[in-house]
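All remarks here apply to the structure that follows.
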Amino acid sequence: MSGAALGLEIVFVFFLALFLLHRYGDFKKQHRLVIIATLLAWYLCFLIVFILPLDVSTTIYNRCKLAVNSSPAESNGSYVTLAPSKQKCFKPWSYIPNGIMPIFWRVVYWTSQFLTWILLPFMQSYARSGGFSITGKIKTALIENAIYYGTYLLIFGAFLIYVAVNPNFNLQWNQLQTIGIAAANTWGLFLLVLLLGYGLVEIPRSHWNGAKRGYLLMKTYFKAAKLMTEKADAEENLEDIMEEVRKVSESIKYNHPLRKCVDTILKKCPTEYQERMGRNMDDYEDFDERQNSYPSEKNLVKLHKQVIYSVQRHRRTQVQWQILLEQAFYLEDVAKNETSATRQFVHTFHSQEPENKIIQYFYTPTVEWYWECLLRPWFYRVLAVVLATFSVIVVWSECTFFSTKPVLSLFAVFIQLAEKTYNYIYIEMACFLTIFFLSICVYSTVFRIRVFNYYYLASHHQTDAYSLLFSGMLFCRLTPPLCLNFLGLTHMDSTISHKNTQPTAYTSIMGSMRVLTFIADGFYIYYPMLVVILCIATYFSLGTRCLNLLGFQQFMGDSEMTSDLIDEGKELIKREKRKRQRQEEGENRRREWKERYGNRDDSTRNRVVHTDQKESSFSETTTNRPLSKYTRSNGRTERDRIELLQDAEPLDFNADSINDDPLELDSGR
């Protein structure tokens, strides 16, 4: 049973990482190495979060054994706080034997560091490269990462010189290793506090606002207006890039040495553009006999990179637009059904995807109405209050975890109370909930942030390779300092508790931070207090207001620009809704026509065709050709008229007013 818990968590975390990666990545289109590297990075980071509570309970049991087996003098000296009896010192259900956890943490930690500092940055440059060969992509990746690697070597060299010049230190391999770990954790802690301060406020607030139907609908309209602008920009950009590709394809003929590069670019283009641009095989004239200026291979590499980016962006905006439309339609349905007397949820449009029969059996329209219109808002409010309480506890503990006498960190108080009774289930649950909440606050911010169009995690398989690899880098850099911060909050780190007790296996791998006292006693203790300032700034939306002033439109209720975008998005949703209604009505009419007159129509058409054949054969044997020609055209006109009547669609009289300006109607209409 001792190793069963570890094995189960290893398997569970793997499928959790695989599920999340399948939601954001595309296993069919993206390179296998990108998928494997990102999956490994996410898996290792999630694994650290899930396994650390087992390390804490195992460490508490080992401390108990040492206290019991030690002499009274040793118990009063080294283990002052641990004086249990033999009856209280029992093995936890999830106990991991000695020697396993240090090896496990060493493999996990150094593998994640190798990924985040060496492999993933190289793969990022490789994935964004527009080279046509593996050698060319590797060369481009090495050149782009030369500055990147040089910067970190310079930082590491500065730490190394500081320790070497200080006469109090004798450089050894363990101390050198600790310096490298300290440098990586310092960078990670700097970013961790920024993301944590945002998540501690934004997560409870988003759930509280999730109970407001009007707020969600207005925000959806706002997103629709912004996404339509981005969608139009992506389409325009794709058209420009495809025009350049067409010119290059026409200038570089089949016998040009760079024609293979052009064919590679054409394969990355959408299908409709490939059909338009197809290879021009009619002109077999040698390329060197025509005095034209041909693009160089370097220009083709740049064009290849632009094609990959523009196609990915265009596909992503198209999918996001459809998802946003479904969300807007559903929120409008919820607003309409709130006043329903029948208490049954009625959808305006049927779901385009087939529903599961089991879910459809239990999740009836009545159950859906009670959940969406009554229970869900209250559930979100209660959840927001619980999350806000956790956030307050985290902020308080971040500001007071350095105090050991008295112990002010609430997480440390909870763990120490459970440690006295050796309630290992409670210890593991408290540790798991604490580190899980911290991870949610940090990781959810990583999933939400967007750095222009270079880094953006989009769900429904729309995230590009560069963003996936970048997220893996961030996770690997944020998780180790997150775990150290958690151990500091619970006083399981001897550097914080100032007790000569057995450290956790994770802390022993990190080494003693006493090698760099200004980091151990200064930065690691006082820098997390900045989370208070960041939480206040997030609560008053200072970052959102600054972005709004810089021209990046953000959703703000008291902004005039936000109101204009909401009105624009509302009109866009209305147009798309009318278009969807016309499409469904046309499909219903065609379906009814086929059900009623399908056989009769087929027989009518067969008779018309048979009559036409007779008339055409008769016209060939007669001399009155104008008459036969007129007869055939008349029959063809009748057939066209029948088909037009089948496909006809009614005019739209569902507009808000009769005096709508026709120029404002949808272009497709």
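The values are calculated or read from the model by the stated rules, or taken from the named source; none is laboratory data. Note that the structure is predicted; figures quoted are calculated from it, not measured. Don't worry about glycine lacking a Cβ; one is built from the backbone with ideal geometry, like all the others, and counts go over all protein chains shown. Remember, those area values only see protein heavy atoms, side chains included, never the ligands or the DNA or RNA. Shrake-Rupley method; radii C 1.70, N 1.55, O 1.52, S 1.80 Å.
For the range 306-391, what ratio Rg/Rh do Cα atoms give with a Kirkwood hydrodynamic radius?
Here Rg/Rh amounts to 1.12.
Using 1/(1 + (r/R0)^6) with R0 = 22 angstrom and r between the beta carbons of VAL451 and TYR539, what's the FRET efficiency to the nearest 0.05?
0.40
Out of the range 6-39, which trypsin sites (Lys or Arg not before Pro) are coil in DSSP terms and have no more than 16 other C-beta atoms within 10 Å? Kindly include the intermediate steps, with their values, before the conclusion.
Details: sites: ARG23, LYS28, LYS29, ARG32; in loops: LYS28, LYS29.
Qualifying residues, ordered by number: LYS28, LYS29.
So what J values fall out for the range 394-410 if you push phi through Karplus, 6.51 cos²θ - 1.76 cosθ + 1.60 with θ = phi - 60°, rounded to Hz, Gly and Pro as x?
Per residue, the Karplus-derived 3J(HN,Hα) values read 5, 4, 4, 5, 5, 8, 10, 5, 6, 7, 9, 9, x, 7, 9, 5, 5 Hz.
Take the solvent-accessible surface of the protein heavy atoms, probe 1.4 Å, and return the percent of it on the range 356-447 that carbon and sulfur atoms account for.
Numbers: 3820 of 4940 Å².
Exposed carbon and sulfur together represent 77 percent of the surface.
Could you report the accessible area of GLU297 in Å², rounded to 10, computed with a 1.4 Å probe on the protein chains as they sit in the structure?
Rounded to the nearest 10, that gives 100 Å².
Keeping all protein chains in position, work out how much accessible area GLU236 exposes to a 1.4 Å probe, and write it in Å² to the nearest 10.
110
Within the range 411-499, list the chymotrypsin sites (Phe, Trp or Tyr not before Pro) lying in a DSSP loop whose Cβ has at most 12 other Cβ atoms in a 10 Å radius.
PHE452, TYR454
Please work out how much accessible surface VAL385 shows to a 1.4 Å probe, ignoring ligands, DNA and RNA, in Å² rounded to 10.
For VAL385, solvent-accessible area is about 80 Å².
Rounded to the nearest 0.05, what FRET efficiency do SER444 and ARG23 have when you use their Cβ-Cβ distance and R0 = 22 Å? Walk me through the intermediate numbers first.
Working: r = 14 Å, r/R0 = 0.63.
My answer for the efficiency is 0.95.
Taking all protein chains as present, what is the carbon and sulfur share of the accessible area of the range 221-281, in % to the nearest whole number, probe 1.4 Å?
Carbon and sulfur together cover 48 percent of it.
Could you sort out which of LYS336/LYS579; LYS223/LYS268; LYS267/LYS594; LYS268/LYS570 sit more than 31 Å apart by Cα distance in this structure? Write out the running numbers ahead of the final one.
Values: LYS336/LYS579 20 Å; LYS223/LYS268 29 Å; LYS267/LYS594 40 Å; LYS268/LYS570 35 Å.
Check vs 31 Å cut-off fails for LYS267/LYS594; LYS268/LYS570.
In the range 179-216, which chymotrypsin sites (Phe, Trp or Tyr not before Pro) are in a loop and have at most 15 other Cβ atoms within 10 Å, using DSSP for the loop call?
Sites meeting the loop and neighbour criteria: none at all.
Which pairs, out of LYS247/LYS302; LYS65/LYS91; LYS139/LYS298, put more than 19 Å between their alpha-carbon atoms?
Long pairs (Cα-Cα over 19 Å): none in the table.
Sorting PHE362, PHE46, PHE122 by accessible area (1.4 Å probe), largest first, what list results?
So the residues, ranked largest to smallest area, are PHE362, PHE122, PHE46.
In whole angstrom, note down how far apart the Cα centers of the range 178-228 and the range 430-490 are.
So the separation of the two Cα centres works out to 10 Å.
Put LYS231, LYS499, LYS91 in order of accessible area, largest first, 1.4 Å probe: what do you get?
Sorted by accessible area, descending: LYS91, LYS499, LYS231.
Using a 1.4 angstrom probe with every protein chain in place, what is the largest-first accessible-area order of ILE252, ILE358? List each step's numbers first, then the result.
Working: ILE252 0, ILE358 110 Å².
The most accessible residue leads, giving ILE358, ILE252.
Report ³J(HN,Hα) in whole Hz for each residue of the range 561-574, in order, from the Karplus equation J = 6.51 cos²θ - 1.76 cosθ + 1.60 where θ = phi - 60°; Gly and Pro get x.
Each residue of the range 561-574 in turn: 5, 5, 5, 5, 5, 5, 5, 5, x, 5, 5, 5, 5, 4 Hz.
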